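Each remark here refers to the structure printed beneath this line.
The values are calculated or read from the model by the stated rules, or taken from the named source; none is laboratory data. As the structure is a computational prediction, the values presented were derived from the model and not from experiment. Reconstructed Cβ throughout: ideal geometry from the backbone, glycine too, with neighbour counts over all protein chains shown. Just the protein is used for accessible areas: all its heavy atoms, side chains included, with ligands, DNA and RNA removed. Shrake-Rupley method; radii C 1.70, N 1.55, O 1.52, S 1.80 Å.
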Amino acid sequence: MFRNHTIKNVLFKWMPYKEQSVCERKLEKVIKRLKIEDFTFNWDRNSCFIKFSYQGEVYKLEHSIDKAKERGIILRNGLDCLNELTQSLEDLCVIIDRGIYDFDTWIFGMKQSSPGQEMPAEFQEEFHIKYKSSGKQASSEQDANEEPFPFQPETSLRDFEEELQAMKRPQLK
């Protein structure tokens, strides 16, 4: 099998148009397995995307040589990126076929984690707690079994809650 895979890679280098048609057919099969009817895709020198609609929502998967390089993966061009995305969708089909997750669960998670989407209102406020040292510092001679003294908050939780309530009250001018 390894030898067969190596021969295919050599042939693909000699016939790049053949690799493109193989990748496109593979992508079409995967999209059909996911029961997606409307999709588009494109690739260029450095990246690719697959855009599809599912239950009235539009989703876009993107991959690039730069994203792969950040992970230590070397890709030659956008077609390699498209192959990677197609392989990921095939893996998703295997997960669905095994009954681990269904497509609706995965797509819901993708919708929730899409970039640029705002956090829910209860998570929008930022809380800053100041810490101060207790004065005891870990030294190089400290016993290996002895843990360093933990930091203590500068204000207590009650003080913090009071400050928060004071900020919420309307200010008189």
Listed residues Val22, Val58 arranged by accessible area, highest first, probe 1.4 Å:
Val58, Val22
Ranked highest first by average number of other Cβ atoms within 10 Å, how do 61-67, 50-56 line up?
61-67, 50-56
Beyond 15 Å, what percent of the Cα pairs of segment 55-106 remain?
57
Distance histogram for segment 18-109 (every C-alpha pair counted, 10 angstrom bins, percent rounded to whole numbers):
16, 47, 32, 5
Enter the accessible area of Leu79 (Å², nearest 10), with the probe set to 1.4 Å and all protein chains included.
10
